[in-house]
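Here's the structure, in structure tokens; my notes come after.
Just so it is clear, none of the values below were taken in a lab; they were calculated from the coordinates. Note that the coordinates shown come from a computational prediction; the quantities given were computed from them, not determined experimentally.
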Amino acid sequence: MKKVCLFLPVLLFFFSAAVNAHGPVRQKAEEEITINAPAEKVWSIIKNYGDMSWHPGIFNTTVQGDNNKGAIRVLTLKDGGTITEELKKYDDKKMSYAYKITEMSTAKTINHAGVDEKVPVLPVDNYAASIEVEAKGDTSVVSWKAGYYRAYMNNNPPEEMNEEAANSAVTSVLKAGLLNLKTLAEK
């Protein structure tokens, strides 16, 4: 009986520790837009992995590897930050590609819980995304999906790197890109 009485508090301790040890949860964002232009025209604007000139937040893009799996592109943002991405999948026939962020510059450094933390230009970690153009008669539907974690991987994230900051930033990037793509394709 003594062993059971001793075992129960230990079990409760580990259970409560597991419940309270909540780290980041994988987030998802998906934006979709209908464009009044043929899919081939829309795809022609975005199909070059090394050309992000269609996105208003991107100042410049350099690429190594063209549209081949493993190609690396470096996006220089309008504010000067950089994001490095790797092409994971490319399908010209399906008018889609998928990529993953491999590196980002720091937007700023903050002090959180007595430690200096670097806030990346996009407050996410382990970000992967795909973009696809689908023909719908004379129009196109472009779908841009992303999966990611918040930038701060420990418990109790600072405001700049929590889920809300990550979701807001990713949604903003996707929406701005799709809205500009619509403008360009419908000209």
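Annotations for the structure displayed:
- With bins 10 Å wide beginning at 0, the percent of Cα pairs of the chain falling in each bin runs 9, 31, 29, 15, 8, 5, 3, 1, 0.
- Relative contact order [Cα under 8 Å, 6+ residues apart], segment 24-185, whole percent: 30
- Eligible lysines near Lys108 by straight Cα distance, threshold 19 Å, same-chain separation 8 or greater: Lys78, Lys118
- Hits among lysines - C-alpha to C-alpha of Lys187 under 22 Å, sequence gap 8 or more where chains match: Lys41, Lys47, Lys136, Lys175
- The chain - mean residue ellipticity at 222 nm from DSSP helices (-39,500 (n - 2.57) per run, n ≥ 4, rounded to 500): -9000 deg cm²/dmol
- Calculated over segment 66-107: convex hull of Cα atoms, volume per residue (Å³): 70
- Alpha-carbon centroids, segment 38-96 and segment 157-177: separation in whole Å: 21
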